[in-house]
Amino acid sequence: MGNSLGGKRSSKVMKINGETFKLKTPVTAEEVVKDYPGHVLLESEAVKRYGIGAKPLFPFQKLEPNRLYFLVELPEERVPRRVRSGLNMSAKDRLESLRLSRRSVSDLSLLKHKSGAVTVKMRIPKAEVERLMKESENEADGGHKIMQLCMVKPQLLHWKGDHGSAVAQGFKGRQ
């Protein structure tokens with residue numbers, strides 16, 4: 001009888017439910033997890049040391065004999081949330097961007113009419129219209145002053161499209 005050197009040539013793998021099974025080495029992590037889709041192997045020492053931060057074994061990595069490994073299911077990936085902090089914008093810039101996006105939706109210059117005609121109704125007291133017309137040199141100058149007044153007071157305007165349908169109410173001019 002001679003002396004023989006020998007030892008265990010197997011690794012233990014423990015599932016999350018406590019069930020264990022032994023594997024004869026050499027075996028790779030990929031061969032172990034191929035029967036368990038969505039699972040990874042963690043080294044027990046790494047789990048002791050790093051806890052939830054333990055890194056899974058690479059698929060090509062060989063399991064070492066006399067070691068314990070955990071077979072763990074990966075959590076489902078969550079849909080990444082939309083983050084705006086990467087835009088490097090200040091709060092003032094974001095607010096201005098929001099204002100511009102709202103303006104572009106309600107901007108009447110973007111509306112296209114087939115005939116090109118737009119009807120504008122204004123609610124201006126007659127006395128004010130008469131005063132503006134007296135101060136102006138001609139009708140075009142009077143119309144210009146009335147439009148400037150409407151840009152300052154947007155509640156005076158009510159725009160209508162070709163067929164009399166209301167397009168926008170309370171148009172706010174660019175400031």
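Every number in this text was worked out from the coordinates using simple rules, so none of it is lab data. Just so it is clear, the structure is predicted and the values come from calculations on it, not from any experiment. With ideal geometry, Cβ positions are generated from the backbone for all residues, glycine too; neighbour counts draw on all protein chains shown.
Summing Lys, Arg as +1 and Asp, Glu as -1, what charge do residues with Cβ under 14 Å from the Cβ of LEU42 carry, LEU42 excluded?
In short, +2.
Counting every other Cβ atom within 10 Å of each residue's Cβ, LYS12, LYS48 order from fewest to most as LYS48, LYS12. In loop segments of the stretch 9-73 as defined by DSSP, the chymotrypsin sites (Phe, Trp or Tyr not before Pro) with at most 10 further C-beta atoms inside 10 Å of their C-beta are PHE60.
Stretching THR25 away from ALA140 to a fully extended chain increases their span by 31.8 nm, per 0.36 nm per residue minus the current alpha-carbon distance.
In this simple spin-label approximation, GLU130 and SER90 carry label points 7 Å from Cα along the Cα→Cβ vector, and these lie 5.2 nm apart.
Residues GLU139, GLU77, GLU43, GLU96 in ascending order of nearby Cβ atoms (within 10 Å, fewest first): GLU77, GLU139, GLU96, GLU43.
Binning the alpha carbon pair distances of the stretch 10-73 at 5 angstrom intervals from zero yields the distribution 4, 19, 32, 30, 13, 1, expressed in whole percent. Label separation (GLU77 vs ASP35): 2.8 nm, computed from points 7 Å beyond Cα along the C-beta direction.
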